[in-house]
Amino acid sequence: MKRRTKFVAVLALLLAMTAAGGLIFSYLVRQNGPIMGGGEVTNSGKADIGGPFTLTGPGGKRISDTDFRGKYMLVYFGYTFCPDICPASLQAMSEALDLLDAQADKVQPIFITVDPSRDTPEQMASYVSGLDPRFIGLSGSPQDTAKAAKAYRVYYARVESTDPSDEYYLIDHSAYIYLMGPDGAFIRVFSYGTSPRDMAEDIAKVLNR
């Protein structure tokens, strides 16, 4: 019971810090591009979001952002041990792709971990295969992870436990879904809680331009 009470307290702290991370992200984006209603950020040619990354994918293959040129990328940063926010966000992405039907072939969903010490390439591959086979799960060294997160202005930080032996630590992180163009350029971001239908409709508008 004591362990469960501690976990609930840490989870409450995580949610509060996630909200703070969202405010930090919003401030950073405002320095480079406008924020529209409903959490939408559109690319006015000024938003400095996205950039080169090289991480490890299924089978230990090194994968870079350039490997997805010619396709839209739908990118999410999180971790497989996340209790609620990540599963909900990834499920929303999957359902949005279902709603896009054949147009979903133009979009590559990508899940990048911010917890490389636990999320090995094997763990990521197993996780996404049970979620949606269209997803690619990417992991990397702490340095590779930090570089990718910095490029996408992703905030993340481990929530330290008072128990040094506790392996079930949480990670606070921003929970945005990024839509990137076939050239790798930032198009827009979806905030946490965006419905699959709204996401699909907005992606379709971009695909049908």
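The values are calculated or read from the model by the stated rules, or taken from the named source; none is laboratory data. Every value quoted in this text rests on a predicted model; they were computed, and no experiment measured them. Neighbour counts are summed over all protein chains in view; Cβ atoms, including those assigned to glycine, are modelled from backbone coordinates with ideal geometry. Accessible surface areas use protein heavy atoms only, side chains included; no ligands, DNA or RNA. Shrake-Rupley method; radii C 1.70, N 1.55, O 1.52, S 1.80 Å.
Considering region 156-165, the residues that are in a loop (DSSP other than H, G, I, E, B) and in contact (Cβ under 8 Å) with a residue 40 or more places away in the chain include one that is surrounded by the fewest Cβ atoms within 10 Å (Cβ to Cβ), namely Thr162. Checking each residue in region 126-155 for being touching a residue at least 60 places away in the same chain (Cβ under 8 Å), closer than 19 Å to Asp65 by Cα and surrounded by 18 or more Cβ atoms within 10 Å (Cβ to Cβ) picks out Ile136, Gly137, Leu138, Ser139, Gly140, Asp144, Thr145, Ala148, Ala149, Tyr152, Arg153, Val154.
Taken together, Pro83, Pro116, Pro109, Pro87 contain a single residue that is in contact with a helix residue (DSSP H, G or I) (Cβ under 9 Å, 6 or more places away or on another chain), within 28 Å of Ala146 (Cβ to Cβ), open to solvent by less than 10 Å² (accessible area, probe 1.4 Å) and not aromatic (Phe, Trp, Tyr), which is Pro109. Just one of the listed residues (Ala92, Ala104) is of a type in the set (Gly, Ala, Ser), within 22 Å of Asp65 (Cβ to Cβ) and either touching a helix residue (DSSP H, G or I) at 6+ places or on another chain (Cβ under 9 Å) or surrounded by fewer than 18 Cβ atoms within 10 Å (Cβ to Cβ) (or both), namely Ala104.
In region 56-80, which residue that is touching a Leu at 6+ places or on another chain (Cβ under 9 Å) and among the β-branched types (Val, Ile, Thr) is least open to solvent (accessible area, probe 1.4 Å)? By that ranking, first place goes to Val75.
Filtering region 40-55 to residues that are modelled with pLDDT of 95 or more and open to solvent by 20 Å² or more (accessible area, probe 1.4 Å) leaves only Thr54.
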